[in-house]
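The values are calculated or read from the model by the stated rules, or taken from the named source; none is laboratory data. As the structure is a prediction and not an experimental result, all values here were calculated from the model. All Cβ positions, even for glycine, are placed from backbone atoms using ideal geometry, and neighbour counts span all protein chains on display. Note: accessible area is taken over every heavy atom of the protein model, side chains too, but ligands, DNA and RNA are not part of it. Shrake-Rupley method; radii C 1.70, N 1.55, O 1.52, S 1.80 Å.
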Amino acid sequence: MLVFKKNIYFHPLDALPNGEVRPYGRDEEAQPIAFNLIHKALIAGREVIEELTGYEESTGFEKLRVLFPHATRFGRLPVMDPLSKTLLDGLLNTRTWFLMNCYHLCYLYDALQEIVEDYSYSDPKRRQEMIPELGGEPINFNHFLNQFFFNTAFLISAKRYNGMTPQERRQLGKLDHAYFGAVVPKDDPEQPEDPTMGMVINAQPPGPEDISLTPHPGNPYASGALSL
């Protein structure tokens, strides 16, 4: 199970005293639409990557770069293949919670953006087929990202990032929340910077340890377990 800012997982409930059943679980943070959108994005990404493995390398990369414009800055098919598989496996693993790094989030951002664009430009019937829970309503991608991604700071330019002070880098992403009216946490010099942030921004290929997900013990949504 992948850890987002909000819990995307849901499960059936026992019948309520009046005989009714609430289908999406006790947790008010559980988001079936978010889960299904992310699941669909990761499935579509896997299908694209598996198809492109049969292409000549340069042709396959050019097609991949159109669909994954940010993630292909740090990797070609040999990187995208295990990265996409790791994320899909992690999403569907119901035994363990996993934390994602900036390589995972950058790939997922591109995969989601492709699905959202496909949905947005489709007719009502196609929209209903893609994500029935939305009832054909439009998707506000920026709002979705603010709800579920801790930040999207991995998208900024290398020039801007490399010119920042350590304090400015620690505040990256927190400004996303400030823009939407949230309180910006105080700067904490003791809080380690995610090393994959600079690696993604500077287009450094991930190592095997960067592609792997990090297991999170216990319930990440317990009080105080997650911090912005």
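If I go through the stretch 45-98 residue by residue, how many of them are assigned to a helix (DSSP H, G or I) and without any contact (Cβ under 8 Å) to a residue 60 or more places away in the chain? Explain how you work it out, then say what you get.
Going through the stretch 45-98, the residues assigned to a helix (DSSP H, G or I) turn out to be 45-52, 57-67, 71-73, 77-92.
Cutting the leftovers down to without any contact (Cβ under 8 Å) to a residue 60 or more places away in the chain gives us 46-52, 57-67, 71-72, 77-78, 80-81, 84-85, 88-89, 92.
Total satisfying the criteria: 29.
Just for the stretch 80-121: of the residues that are touching a Gly at 6+ places or on another chain (Cβ under 9 Å) and among the hydroxyl-bearing types (Ser, Thr, Tyr), which one is farthest from PHE68 (Cα to Cα)? It comes out as THR96. Inside the stretch 38-60, can you point out the residues that are more than 18 Å from VAL116 (Cα to Cα) and open to solvent by 20 Å² or more (accessible area, probe 1.4 Å)? Matches in the stretch 38-60: GLU50, GLU51, THR53, GLY54, TYR55, GLU56, GLU57, SER58, THR59. Pairing each residue of the stretch 106-134 that is more than 30 Å from ASN202 (Cα to Cα) with any residue that is at pLDDT below 90 and among the charged types (D, E, K, R), provided the two are 6+ apart or on different chains, yields C-beta distances under 6 Å for TYR119/ARG127.
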